[in-house]
Amino acid sequence: MGLEVVRDELEGIDPEALRREKHKKKDGLRDLPGDTSKVVLRFAPNPNGPLTIGHSRGVVINSSYAEKYEGTIVLRFDDTDTKIKPPLMEAYSWIEEDFEWLSGRAADIVIRASERMPVYLKQAKKMIADGHGYVCQCTAEEFRKFREEKMDCPCRVRAISENLEDWESMNSGKIMEGGSVVRVKTSMDLPNPALRDWPALRIQHSPHPIVGSKYKVWPLLDFQSAVEDHEQGVTHIIRGKDLMDSTRKQKLLYEHFGWEYPETLYWGRVKVHEFGGFSTSGMSSSIKKGDYEGWEDLRLPTLRALRRRGFEPESLISLWSEIGLTQKDISISMQTLETFNSKNIDGLCERRFFVCNPILIGIQSQEASSEASIPRHPEGAIPGTRKWGVGNHIFIQEEDFTEGKLRLKDFADIEIEGSNAEIEGFDRSDGRPIIHWLPEGIARRAKMFVPEGEEIRELEGVIEDFELCLGDVYQFERFGFAKIERIDSEVVELVWLHG
RNA sequence: GCUCGUGUGGUGUAGUUCGGUCCAUCAUGUCGGACUCUCGAUCCGUCGACCCGGGUUCAAAUCCCGGCACGAGCACCA
């Protein structure tokens, strides 16, 4: 039977069925799998710096799901490494602030792994006592060989009592760093090498910034996270897909403990065109070296830097919601975020003039009008006007200067000759170019800081001195959005947001 | 090397579970236009994609097989 035959037949039966219906783009997050009656989610950063735009995906996705299912969200600091990615004391509160700024509410539960050490140590001991883990004295290189060749290491077959003794030695500090490690006994002939007797706890003698030298044995992420997720009753884990093998490792551990593993979802790797690859530890060392002013440096992809510039949390939320939860590796552009942000703030920002590289010209008129009246917002989203006296001299941008006919926006048609302008009339009379401008009396010196890749460009100019509020974002006409960061008697300082 | 994951326009996504309603959705972007006293906003139009090759089928983005590309894990980091 051909399609035509079917079509003809259907025509007779139900003509409605033939009407083509276009597919609609489905929006919103996909439903969570499994039992969603009491959803418990978690967001678990390493407190070695403030949150970045990369972390923001985790915050947005998790808090959106928490909202959708009226679930709870645990903010957990995975701070069990004191050597390679040591915790930064200030970062704990920074992250809580960043989280709240972005999600609009504080996490329901905040925990620090370093404070939960007794729990992890207890479970580790139980694991050893139950014969599901053992103390391994092989060096990393030796074990790597065993792993590659699917061979048991000699430590694997020792008695539980011996393991327990070694466990005590590890904890009492008798064994030096690197001297031994606790492994989860899985199987050495698993096809996936990552899962073969994976390391769960190691010795660290360097002090932890919060708990000092109290503990000699610290859990690795896979163990700590697995135990804590169970302790907190986490129902759904949403994590990067680079952690897929962590899921598999942890499931093997959960089998040992007889626990039920949470539902797990993943997202792919994210790159931001403008920032390339960035890591918290990389930024940390660059800051220490003096390459950046600090974590709020305009050039950095931290949430603090974005907030400083004037991005709204809703823009990040829109961005990540639009992207959704996919396992594809993606590369996004800041321009997309900026577009979302423009939509969010356009109706909220009053207009002002910023004249960059100003040049002063004289202005005179036959007619009498020395006052300009310009709307605060062109579509009236913000009612009212800004009114200023004009005087005899005005600033215009060097690049706008041309001898001939111009229109001073919202004021008058002029003709420039030399360094003087003659007002030809106040109504717009033709299609001459419109420029922004500023009377000398209303102009105030201003500096605009614009992040450009690895540089910060400093633009000099004059700003319209009309009801300027510190901390507010304005749209400077024919220029773009910027935020006032500092006002003093000398100069107004602005940070660039976007066009 | 072993293991795992992902391939839809420039970018990001919907559709893939259960083949037909898909000459493939939406957003952003490009280009053009309208409007506007901003290079902003708004509106209209335009361009542009199913990784490749086989197979199954009346019918494949969707199912099967084989490639290829990219990414990740195999850390005493998270």
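Computed values, structure above
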{"read-out": "Magnitude of the charge dipole, the stretch A:351-498, Cβ model with Lys/Arg +1 and Asp/Glu -1, debye to 20", "value": "460"}
{"read-out": "Area projected by the alpha carbon convex hull of the stretch A:351-498, averaged over all directions, nm²", "value": "9.3"}
{"read-out": "Simple spin-label estimate for residue A:486 and residue A:213 in nanometres, 7 Å along Cα-Cβ", "value": "4.3"}
{"read-out": "Computed E for residue A:169/residue A:109 - FRET, C-beta separation, R0 25 angstrom, nearest 0.05", "value": "0.10"}
{"read-out": "Helix A:89-103 axis, angle to chain A major axis (alpha carbon atoms, nearest 10°)", "value": "60"}
{"read-out": "Cα-based helix-to-principal-axis angle, A:3-13 vs chain A, degrees rounded to 10", "value": "80"}
{"read-out": "All aspartates and glutamates inside 19 Å of residue A:288 as judged from Cα atoms, apart from same-chain residues fewer than 8 positions distant", "value": "A:90, A:296, A:297, A:454, A:455"}
{"read-out": "Summed side-chain charge close to residue A:472 - residues other than residue A:472 whose Cβ falls under 11 Å, Lys, Arg +1, Asp, Glu -1", "value": "-1"}
{"read-out": "Considering only chain A, percent of DSSP beta bridges that pair antiparallel, nearest 5", "value": "70"}
{"read-out": "Long-range HN-HN contacts of residue A:75 with modeled amide H, under 5 Å", "value": "A:43, A:108, A:109, A:110, A:111"}
{"read-out": "Set of the stretch A:220-263 residues, backbone N closer than 20 Å to the point 7 Å along the Cα-Cβ line of residue A:329", "value": "A:239-247"}
{"read-out": "Inter-label distance for residue A:357 and residue A:141, nm, one decimal - labels placed 7 Å from Cα along Cα-to-Cβ", "value": "6.1"}
{"read-out": "Net dipole in debye of chain A [+1 Lys, Arg Cβ; -1 Asp, Glu Cβ; about Cα centre; nearest 20]", "value": "2380"}
{"read-out": "Charge sum, other residues only, whose C-beta stays under 13 Å from residue A:441's C-beta, Lys/Arg counted +1 and Asp/Glu -1", "value": "-2"}
{"read-out": "Angle in degrees between helix A:313-323 and the longest Cα principal axis of chain A, rounded to the nearest 10", "value": "60"}
{"read-out": "Cβ-based net charge around residue A:331, under 14 Å, with every Lys or Arg adding one and every Asp or Glu removing one", "value": "+2"}
{"read-out": "Estimated distance in nm for a label pair at residue A:176 and residue A:314, the labels positioned 7 Å out from Cα along Cα-to-Cβ", "value": "6.0"}
{"read-out": "Positive-end residue, the stretch A:302-365 charge dipole about Cα centroid, Cβ charges, pick of A:319, A:341, A:362", "value": "A:362"}
{"read-out": "Calculated log₁₀ intensity ratio I(q)/I(0) where the Debye formula runs over C-alpha points of chain A, q = 0.13 Å⁻¹", "value": "-1.19"}
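Only the coordinates and a few stated rules stand behind these numbers; no lab work does. Fair warning: this is a prediction, and the values are worked out from it, not measured in the lab. Positions of Cβ are backbone-derived with ideal geometry, glycine not excepted, and every protein chain shown enters the neighbour counts.
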